[in-house]
Amino acid sequence: MTPDEYCQDKAAKSGSSFYYSFLFLPPQQRQAITALYAFCREVDDVVDECDDVNVARIKLQWWREEIGRVFDGTSRHPVGQALRGPVTTYNLPQEHFLEIIDGMEMDLDHQGYASFKDLALYCHRVASIVGLMAAEIFGYQDRRTLKYAHELGMAFQLTNILRDVREDSLLGRIYLPLDELERFGVTPEDIMAHRMSDNMRELFKFQAQRAHQYYTQAYAHLPESDRYPQRSGLIMSAIYQATLKEIEDDGYNILKRRVSLTPLRKLWIAWQTARHEKSLYKKQRKRGMQKA
């Protein structure tokens, strides 16, 4: 198995919404974003699958060293080898990879987040930084697109946190800001025991509204000129927002069951969104030609 095949296999097996957005990219961009996603999965798996915190820290340190080897051309891991080309072609900063690892390591020290300001740093590291690198791979002309990518990463992570609240609680983790639990009259023990209540539902509704706000902010920053190059992010967004709507339509019963879309539905949303963005792009080009 080649490094690229390893990354492709890693992405496909994850069942992630991200995988479906990659299908509509040219080969070089698809290889680069798949390698980046595989890296994120590797370091995330270290945290989720290692029972011994010290072993997890050692493995994350190995990945820090491996990223150093990616940039000097001596990488050993298949993912590191697959990243060699993209980091040069798309000018991906070494410090961004290290910051993602720092974000993953925050899970090893996780004692809850006192406020949204504290949670936002975690979201920035594990999601928005990925969004910024993805924007570099997809391409842009206007630097406002980087603000879009950052805000969209925040929206994705906030959606993930809401969707995964039950699974995270089973791992002893609560990502909702503790001051907001208190404001809504909910205790960490309520979440750990999966005790649903009207207060809990209002807490979850508040989190969903915040995620919606970040989606809105992200779109406001995306210039029309960069919309088509950034279509993969818009495909991801359509899938994530459909998931968020499912959570809302289900009455926020996320302590009972994890809401997820079927692979077929994700593919359908991806195809519809890609088709819509291509249509908009053709109209944009036509307007440009008429003005010329």
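Considering each residue of segment 66-120, count those that are among the hydroxyl-bearing types (S, T, Y), more than 25 Å from H150 (Cβ to Cβ) and in contact (Cβ under 8 Å) with a residue 24 or more places away in the chain, and give that number. Write out each step before concluding.
Within segment 66-120, the first condition is being among the hydroxyl-bearing types (S, T, Y), and the residues that meet it are 74-75, 88-90, 113, 115.
Next cut, more than 25 Å from H150 (Cβ to Cβ) only: 74-75.
Next, from what is left, pick out any that are in contact (Cβ under 8 Å) with a residue 24 or more places away in the chain: none.
Qualifying residue count, segment 66-120: 0.
Just to be sure, is D44 under 17 Å from R84 (Cβ atoms) and either at pLDDT 85 or above or of a type in the set (A, V, I, L, M, F, W, C) (or both)?
On the way: under 17 Å from R84 (Cβ atoms): no; either at pLDDT 85 or above or of a type in the set (A, V, I, L, M, F, W, C) (or both): yes.
No.
May I ask you to say which residue of R201, R166, R195 is in a loop (DSSP other than H, G, I, E, B) and either within 21 Å of E248 (Cα to Cα) or touching a His at 6+ places or on another chain (Cβ under 8 Å) (or both)? Reasoning before the result, please.
Values: R201 fails: in a loop (DSSP other than H, G, I, E, B); R166 fails: in a loop (DSSP other than H, G, I, E, B).
Selected residue: R195, the only one of R201, R166, R195 that is in a loop (DSSP other than H, G, I, E, B) and either within 21 Å of E248 (Cα to Cα) or touching a His at 6+ places or on another chain (Cβ under 8 Å) (or both).
Tally time: how many residues in segment 76-91 are outside any helix (DSSP H, G or I) and either among the charged types (D, E, K, R) or buried (at least 20 other Cβ atoms within 10 Å of the Cβ) (or both)?
Counting residues in segment 76-91 that are outside any helix (DSSP H, G or I) and either among the charged types (D, E, K, R) or buried (at least 20 other Cβ atoms within 10 Å of the Cβ) (or both) gives 1.
I161 fails exactly one of the following numbered conditions: (1) outside the structural domain of N253 (by TED's automatic domain parsing); (2) within 16 Å of S237 (Cα to Cα); (3) among the β-branched types (V, I, T). What is the number of that condition?
Checking I161 against (1) outside the structural domain of N253 (by TED's automatic domain parsing); (2) within 16 Å of S237 (Cα to Cα); (3) among the β-branched types (V, I, T), the one that fails is (1).
Could you please let me know if R69 is among the charged types (D, E, K, R), more than 21 Å from the chain's Cα centre (by Cα) and over 23 Å from S237 (Cβ atoms)?
On the way: among the charged types (D, E, K, R): yes; more than 21 Å from the chain's Cα centre (by Cα): yes; over 23 Å from S237 (Cβ atoms): yes.
It is true that R69 is among the charged types (D, E, K, R), more than 21 Å from the chain's Cα centre (by Cα) and over 23 Å from S237 (Cβ atoms).
Does Y37 count as touching a Phe, Trp or Tyr at 6+ places or on another chain (Cβ under 6 Å) and among the aromatic types (F, W, Y)? Please lay out each step first, then the result.
Values: touching a Phe, Trp or Tyr at 6+ places or on another chain (Cβ under 6 Å): yes; among the aromatic types (F, W, Y): yes.
Considered against the rule, which asks whether it is touching a Phe, Trp or Tyr at 6+ places or on another chain (Cβ under 6 Å) and among the aromatic types (F, W, Y), Y37 comes out as yes.
Out of all the residues in segment 107-126, which are buried (at least 17 other Cβ atoms within 10 Å of the Cβ), closer than 21 Å to W63 by Cα and not aromatic (F, W, Y)?
If the condition is that a residue be buried (at least 17 other Cβ atoms within 10 Å of the Cβ), closer than 21 Å to W63 by Cα and not aromatic (F, W, Y), then D107, C123, H124, R125, V126 are the ones that fit.
Report whether or not R64 is touching a Ser or Thr at 6+ places or on another chain (Cβ under 8 Å) and either under 22 Å from Q230 (Cα atoms) or surrounded by fewer than 22 Cβ atoms within 10 Å (Cβ to Cβ) (or both).
Details: touching a Ser or Thr at 6+ places or on another chain (Cβ under 8 Å): no; either under 22 Å from Q230 (Cα atoms) or surrounded by fewer than 22 Cβ atoms within 10 Å (Cβ to Cβ) (or both): yes.
When the stated conditions are applied, R64 does not pass them.
I'd like the full set of residues that are of a type in the set (V, I, T) and surrounded by fewer than 24 Cβ atoms within 10 Å (Cβ to Cβ), limited to segment 138-158.
So the first thing to find is which residues in segment 138-158 are of a type in the set (V, I, T), and the list is 145.
Across segment 138-158, there are no qualifying residues.
I'm checking my understanding of the structure. Among residues of segment 137-163 that are in a loop (DSSP other than H, G, I, E, B) and among the charged types (D, E, K, R), which one is nearest to Y113 (Cα to Cα)?
Within segment 137-163, the first condition is being in a loop (DSSP other than H, G, I, E, B), and the residues that meet it are 139-143.
Imposing the further condition that a residue be among the charged types (D, E, K, R) reduces the set to 142-143.
Working: D142: 34, R143: 31 Å.
Here the residue is R143.
The values are calculated or read from the model by the stated rules, or taken from the named source; none is laboratory data. Note that this is a predicted model, so its numbers are computed, not measured. Counting neighbours? That spans all protein chains shown, and the Cβs are built from the backbone with ideal geometry, glycine included.
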